[in-house]
Structure formats: structure tokens, C-alpha cells
1. Is it the case that Y185 is within 16 Å of the ligand (Cβ to nearest atom) and surrounded by 14 or more Cβ atoms within 10 Å (Cβ to Cβ)?
2. When both residues are 6+ apart or on different chains and their Cβ atoms are under 6 Å apart, which pairs have a first residue that lies in region 357-375 and is within 8 Å of A385 (Cα to Cα), and a second that is in a strand (DSSP E or B) and open to solvent by less than 30 Å² (accessible area, probe 1.4 Å)?
3. Picking from I68, I17, which residue would you name as being away from the ligand (no atom under 16 Å from the Cβ), outside any strand (DSSP E or B) and β-branched (V, I, T)?
4. Filtering region 342-396 down to residues that are of a type in the set (S, T, Y) and over 29 Å from M274 (Cα atoms), which residue is surrounded by the most Cβ atoms within 10 Å (Cβ to Cβ)?
5. Tell me which of these I149 doesn't satisfy, since it passes every other one: (1) part of a helix (DSSP H, G or I); (2) within 16 Å of the ligand (Cβ to nearest atom).
6. I want to confirm something. Restricting to region 286-308 and keeping residues that are surrounded by 24 or more Cβ atoms within 10 Å (Cβ to Cβ) and assigned to a helix (DSSP H, G or I), which single residue is nearest to the ligand (Cβ to nearest atom)?
7. Any residue at all in region 108-115 that's closer than 28 Å to N324 by Cβ, open to solvent by 70 Å² or more (accessible area, probe 1.4 Å) and not assigned by TED's automatic domain parsing to the domain that holds L410?
8. Output the number of the condition that Q378 fails; it satisfies all remaining conditions of (1) assigned to a helix (DSSP H, G or I); (2) more than 19 Å from I41 (Cβ to Cβ).
Amino acid sequence: MTTLTNLTQERRLVTAIPGPKSIEALQRRSEATSGGLGIAIPVIIERASDAILLDIDGNQIIDLGSGIGVVNVGNSASRVVDRVIEQVQAFTHTCFTVAPYMNYIEVCEKLNKLTPGTHKKKSLLVNSGAEAVENAVKIARHFTKRPAIVVFEHSYHGRTNLTMALTAKNMPYKEGFGPFAPEVYRVPMPYSFHWVGNQATITEDAIEMITHKIDKEIGAHNVAAILIEPIQGEGGFIVPPKGFLPALSKYATDNGILFIADEVQTGFARTGHMFAVENENVVPDILVTAKGIAGGLPLAGITGRADVMDSVHTSGLGGTFGGNPLACAAALGAIETIEAENLVARAQHIGQILGDSLRALAKKYPVIGEVRGRGAMQAVELVEAGTKNPNTAAMNAVVKYCQSKGVLVLTAGTYSNVVRFLPPLVISDELLLDAMSVLDAAFASL
Ligand code: PLZ
């Protein structure tokens, strides 16, 4: 059914970046769109398939960002496109809480099955990661009848009022947008690269600090949920030390606190597991998904213990567009693609190539302070050589160089000094290696 021919999976520049058509169109962007919006690469996209973006000047750009970890199955993946076309011709919207339809139910069945744990689970669908996190918090408070939510340094959970409160970084996410929602408590994150304590006991020491804070400053009996990204995304791909998530999850369970995993960025095969918590066999009470769930259409999910998800009164949850049939059709296509193309294994393979390439660069270029991540979610933290001082200028220069050669990479980090890599999981080895050679040249150019 798919009619457009796919783009060749190769990098090709026919103009400078941005080209003349993009420059003109970006002028209209400035005139028409809010100045509050950022921009990662100054081009206008005309089409995209798999790991290639085509701009209106005819440049083919390698996508190492996946629209911030969304098109894990590739851009306009055929199973997503076909199912969406079929659905758009059937009906576009009824509102699931007005007149239900099957594909919403099917997506929830899939989520209940794919998320960790063999216990009975139920799901709710909404429109965005932030909305999903908000609903997870609402449900946790309702179930536990407790007010407090514990979150971490370096965390990112969204841009709505509650999720701004949950997010750590002030600039650009929170500056001037307060006051923020109450009953949100931030605890230390074992960020090993910047940990001032003993590296050998980082897990135990962090758990001790966190539980001490909860017990003394909040009271564990007041805490509804501990909310954490299994690998912190916007914060700079911070991977918690071994044993940390299991210990945290155990503390939560022992104290009647719900453990909520925000898998918005780490989910759907990204890290070489379907969900990142599987790496240490952690089974969250609630798991939040978005981004990669639907191959590019807006959809997010809250999946949790049936007793928790059913604790809310009828009509206590909902929303007009949540679980829109087009987005659900796309999700079924995306999940089918992940399974049929074994993208979990593919993410591990990409992780091997990415990790090897980045570690080789770290040996050559002392500006790379650390290489970290898991699977197809990897990053480099840039420093002033020989120190741990953030090097934002190097990050900006590397990103700019890569763009000028037709490679899109994203930034991250509390200290604005991380270059992150989130390629579509269908990217070919050749394309990825081509991008890595551009990255090498970018560091050489510093
Ligand atoms: N939780 C872990 O990574 C979104 C933000 C991009 P939404 N991250 C990308 C930006 O600059 O706005 C994210 C996330 C984690 C929640 C969210 C929020 O998801 O779909 O953007 O609301």
C-alpha cells in the first residue's frame, strides 16, 4: 500500500547546510512560530525514511537522533504507514471514553504483556510523555493516599506544570515558568563521573543518602512514589551504577511506595532490552512509555499493577485524544516491527558499533571525558582536557561540524556538555560507520 519510494540510505550533500531553500523557509519559521521554540538543525525536512532525512534543498542527512528517540523502527516504517493508512480510511476519532475501539485495547494488551513482570497489569493511553508521567503520579497518589513524590537530580520528566516540578534542570525548562507543583522532593543521583565520594561504594552510599533523606525529611509513609528514568535521558545519559535500581525498588516495596519507571526515552528496544529496567530484572509498579511506542505518532502509555490501575474511580482518568485510533494503529505497526525485525538484538549490535567507535575516539581526543550508555542510547561527555570541567564550547562545535557534513546529532546534559546518539534501530552498519567517521573529523577539527 505504501506508495512513496524509500530514500536511499546514504548521506548526500548538494548544498551547504542550510541550503538556500531552507534559509528562506527558516525566515518564515522565525516570523510565524513562537520564539520559545528551539531548533537542533537549521534545515526544513521534506521527507524521511529509516535513518535518512531529506531536506527541501535535496540534502540527505543521517539521523542519529530519531526525533529524540522516537522513530526507533525508522522514519515512516512500512508497517506503521500501512496500518495508519488503513485506519485513517476507517475512522479518525471517536474518543475512547465515548465510543471505544479495538486498537486501543490491543495496544494495552501488548503493553501489559511486554512490560516486565508476570503479575496482572492494566494500561491507560494518553498523548505525550509528560501527560503519561502526570497520570502515573495521579494514579500513585490516588492508590497510596499519600502526597509526596521522590525524584532525582538530573531528571527530566516533561514541560507541563507538574512535570516541570519533577524535572531537575532550571534552564531552559523551568526558568520563569513557576510556581511549581508542591510535594515533589529531589534526592541525589549516583552520577558516577561527577561523584565526589568513593566509586567502589557508590551504590550503597547513594542508597544510604536517599533513604536517609526520605526517612528524615519526608517520612517514608508520606511518599506515594519514587519516580526515576532507568537511564537518565536529557540529563546526559546517566547510567546508574549496578545494583542501584534493584536496591531502590526494594526500598520502595518495603515501605509501601510505588516504584515508577519513566521509560519514555529508554523504552521500546532502545537500550538493547524492550525496557531498560530489564537489565537488572527490576519490575516497576508503574511503567511509563511514549516516544518509541508509535513510530512517530503521538501516543504514550501508563502500564501498572492491575490493583493500582483499577484503584481510580470510573471516569477519573481520560482525555479527548488519548489513545487516538491513528496513533494506536501506528503503535501496533511499530511493536510488530520491533518484534519481526528483532530490534532488541539490533540495538545491542548498534551499541557494540557505537560503543567501540566512541571509545576509540575517547582514546584519541582527551576532550572526551566519558563514554556511556547502553545499546543504541550512548553519549560522550565533553570536558576541558584532563579535568571534569564541562566543555560546552566543544559540544557546540562538534554538533555544528557534524551538521555541516550531513549528520544530525543531539545534545544533552545538566552541564550542557554531552553529545548523545539515538539512531533509529534500523540504521545500517555502513551508515552508522559513515556517521562515526564524520564524528571523528569533528573532534579532529576542534
Ligand atoms: N520523560 C524520560 O525523555 C521527553 C524532551 C524534548 P514528552 N524528552 C525529550 C524537549 O525538549 O521537550 C521525555 C523524556 C522522559 C518524559 C519526557 C516527556 O515526553 O512526550 O516530550 O512530553
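1. Details: within 16 Å of the ligand (Cβ to nearest atom): no; surrounded by 14 or more Cβ atoms within 10 Å (Cβ to Cβ): yes.
Considered against the rule, which asks whether it is within 16 Å of the ligand (Cβ to nearest atom) and surrounded by 14 or more Cβ atoms within 10 Å (Cβ to Cβ), Y185 comes out as no.
2. Partner pairs satisfying both residue conditions: V367/L382; I368/V380; G369/E381; G369/V383.
3. Details: I68 fails: away from the ligand (no atom under 16 Å from the Cβ).
When all the criteria are applied, what remains is I17.
4. Initially, region 342-396 is screened for residues of a type in the set (S, T, Y), giving 357, 365, 387, 392.
With the extra rule that they be over 29 Å from M274 (Cα atoms), the set shrinks to 365, 387, 392.
Working: Y365: 18, T387: 10, T392: 14.
Ranking the candidates gives Y365 first.
5. The failed condition is (1).
6. Filtering region 286-308 down to residues surrounded by 24 or more Cβ atoms within 10 Å (Cβ to Cβ) leaves 286-296, 299-304.
Filter again for assigned to a helix (DSSP H, G or I), leaving 291-294.
Working: K291: 6, G292: 11, I293: 10, A294: 11 Å.
It comes out as K291.
7. Filtering region 108-115 for residues closer than 28 Å to N324 by Cβ gives 108-115.
In the following step, the residues that additionally are open to solvent by 70 Å² or more (accessible area, probe 1.4 Å) were identified as 109, 113.
Checking the rest, the ones that are also not assigned by TED's automatic domain parsing to the domain that holds L410 come to 109, 113.
There is at least one residue in region 108-115 that is closer than 28 Å to N324 by Cβ, open to solvent by 70 Å² or more (accessible area, probe 1.4 Å) and not assigned by TED's automatic domain parsing to the domain that holds L410.
8. For Q378, the exception is condition (1).
The values are calculated or read from the model by the stated rules, or taken from the named source; none is laboratory data. Nothing here was measured: the structure is a model prediction, and the numbers come from that model. Quick reminder, even Gly has a Cβ in these numbers, built from the backbone with ideal geometry, and neighbours come from all protein chains shown. Protein only, heavy atoms only, side chains kept; ligands, DNA and RNA dropped before computing areas. Shrake-Rupley method; radii C 1.70, N 1.55, O 1.52, S 1.80 Å.
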